[in-house]
Each structure stands twice: as structure tokens, then as C-alpha cells.
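The structure under discussion appears below in the form of C-alpha cells.
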Amino acid sequence: MRYCQYRPFPPLNEFVDFFWMIGDGQMNRRERILPSGRSELVINLSEDEVRIYDSIQAERYRRLAGAVISGAYSGAFVCDAMQHQSMFGVHFRPGGAFPFLGAAATELADAHASLEDLWGCSARDLRIRLCEAATTRGRFQLMEEALLERLRQSQKRHSAIEIALRRFALEGRPYTTRDLAQEVGLSQRRFIQLFALHVGLTPKLLCRILRFQQARILAEEAERRTRAVREQQPARGAIDWAEIAITCGYYDQSHLVHDFQNFSGLSPTAYIRQLRPTKRLKDNHRPVAQ
């Protein structure tokens, strides 16, 4: 499998975390994609189709055109990993997709939509140009130019949302919805409505998802550090979930367990066990147990 990333320059980097490209990544399984609080633009360069499976009813799926945009999800969804012969994507920052959507982020919450439905024929033209590009670098440049053009023509984000998203990006510093609403001079109800319109999630739900992601990353780092210890001394090297819960700002360990169940479909220990024997396409992907 070939995987590479590209981080765009200003002003696009304010909205986009990175572009990515997967080649020869087909795996005969389905992948569960965990919620991250972000939207994703995905273009299948090998076939003009993207298949999204129901996370509960495994045989149900939707067929969409080869260029789709995923709204911010509050739970996991499932994709067909056989699609990754040649796949291109844009990983937006929280709230970063709003200027490029041409629609309220709430309309795409927990859903995928054909990019052509949002962008018209320019989406189809962009996919064709990406398919015809000779290099990955050339594809990154094409996408950067396309997004910059849309950004110049787009509706700007509300200044209150700019402030709130900057606050949420500061690790280790808790903010309540009430505090943020007061800071930006809005009622709490209006702030929540405006935030959801731009981000697709309420401020509280976004914070929960970002906290879960922080806990997930810390747990995976701890697992890698303790693996060698565990091989030598099986009774040692267990992950300290209570410490992770405290570090990430959970009230207690049970709240961490609850969020792992909600957002990954697994308990923390089951999640770590599933990591060990498997490879994954991307950091936020997990194989679906057959």
C-alpha cells in the first residue's frame, strides 16, 4: 500500500488539515471509520463509485458517485476497503468544510452526499482532471487550486465560530458552551445553533469527540510503549486507563469507557486488542470484525 499526505499553505491550511492519497490499498474487508468531528472529501480515482455501509445492518449500503463529501459524524460508519486501489481525499479541520459546501453543515451531519449535488458539473470535471493527472503531487496541486478558487467565492465563517474553533484547538484548556457564548457576545441558544450550522455538531458533542480522539491516541501510544515490556513480563505493561481518563479531562474512567463504546463500538480494552494483529488503511480506520 502507498499512502502520502500533503499539508496546504495559507490561507487554505486554516480550513484543511491535509490532503491524502492511497494507492494499492485494497483489503478484502470493511473498515469502520471513527468519528473525528471533521468533514472529508473523498474521490475514488479507480471507479466512479463510493460504497458506504450501514454500521449496524452490515449488508445494507449506499452507492454514491465517485466524488463524495462526508459530513461530521457523531458515530462510526463503514466503508468497503476494496475501493482503495486509488483514492484521494481532503481532511478538513473541524468546521473547515463550511466555506466549500455551499450548504449548512447540519444538512450533511451524519451523512454522505455526492459532490456533484453540491458543486454541480465542476465536481465531475475535477474528478476527471484528478484521474488524468500523472503524479500524486500534480493531484495535490489541482485540488489546492480548486479549493482556493471556491474559497475566494465562498461565504465567510461567522467570527464567533472562528473564535470558538480556536479555543477548542487549545489542548488542555476546558471551555464550556456558556463561557464561549458569553465571550462572543451571543446567547447560549444562538451560539449552539450557529456552531452547528458551521460545524455540523453541537459544541458539546464536538468536545466529546475530540476528547475521545485524544484518549484513543494516548492509548495507542501507551500500547506501543508497553508492548516490549509485556513480551518480557506478561504480568506487567498494562495500559493505565485511569491516568488517560484524567489526562483527557474525563470525570472518571467510566465516562471514558462510555465514550469508547459510543464512538468506536468497542470497550477500550477490546479496542486495543483489535489493534494488535491488523493493519489499517488510515489512522482513523479500524477493521470490522467478520
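The values are calculated or read from the model by the stated rules, or taken from the named source; none is laboratory data. Keep in mind that what you see is a predicted model, and the values were worked out from it rather than measured. Neighbour counts run over all protein chains shown; Cβ positions are idealised from the backbone, glycine included.
Of the residues Ala133, Ala123, Ala65, Ala105, the single one that is touching a Gly at 6+ places or on another chain (Cβ under 8 Å) and either farther than 19 Å from Asn13 by Cβ or among the charged types (D, E, K, R) (or both) is Ala105. Going by what's in this entry, would Arg157 be described as surrounded by fewer than 18 Cβ atoms within 10 Å (Cβ to Cβ) and at pLDDT 85 or above? So Arg157 fails the test. When Val68 is evaluated against the numbered criteria (1) assigned to a loop (DSSP other than H, G, I, E, B); (2) modelled with pLDDT of 95 or more, which criterion, by number, is the only one it fails? If we test Val68 against (1) assigned to a loop (DSSP other than H, G, I, E, B); (2) modelled with pLDDT of 95 or more, just (1) comes out false. Residues in the stretch 252-261 that are under 11 Å from Arg211 (Cβ atoms) and without any contact (Cβ under 8 Å) to a residue 24 or more places away in the chain: His255 only.
Would you confirm, using the coordinates I've provided, whether Leu197 is assigned to a loop (DSSP other than H, G, I, E, B), touching a residue at least 60 places away in the same chain (Cβ under 8 Å) and out of contact with any His (no Cβ under 6 Å at 6 or more places or on another chain)?
no
Looking across Phe140, Phe98, one residue alone is out of contact with any helix residue (DSSP H, G or I) (no Cβ under 8 Å at 6 or more places or on another chain) and surrounded by 22 or more Cβ atoms within 10 Å (Cβ to Cβ). It is Phe140.
Within this structure, Gly120 fails the test of being in the same structural domain as Ser46 (by TED's automatic domain parsing) and within 16 Å of the chain's Cα centre (by Cα).
Residues of the stretch 69-86 being surrounded by 24 or more Cβ atoms within 10 Å (Cβ to Cβ) and within 16 Å of Leu130 (Cβ to Cβ), which ones? Correct list: Ile69 only. Among the candidates Glu49, Glu31, the residue that is over 27 Å from Ser122 (Cβ atoms) and touching a residue at least 12 places away in the same chain (Cβ under 8 Å) is uniquely Glu31.
One line per residue, one yes/no per condition, for (1) assigned to a loop (DSSP other than H, G, I, E, B); (2) hydroxyl-bearing (Ser, Thr, Tyr); (3) under 18 Å from Gly25 (Cα atoms); (4) out of contact with any strand residue (DSSP E or B) (no Cβ under 8 Å at 6 or more places or on another chain):
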residue: Asp48; (1), (2), (3), (4): yes, no, yes, yes
residue: Gln57; (1), (2), (3), (4): yes, no, no, yes
residue: Arg62; (1), (2), (3), (4): no, no, no, no
residue: Ser74; (1), (2), (3), (4): yes, yes, no, yes
residue: Val78; (1), (2), (3), (4): no, no, yes, no
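State all residues of the stretch 9-44 that are within 24 Å of Glu116 (Cα to Cα), among the hydrophobic types (A, V, I, L, M, F, W, C) and in a loop (DSSP other than H, G, I, E, B); if no residue qualifies, say none. Across the stretch 9-44, the qualifying residue is only Phe15.
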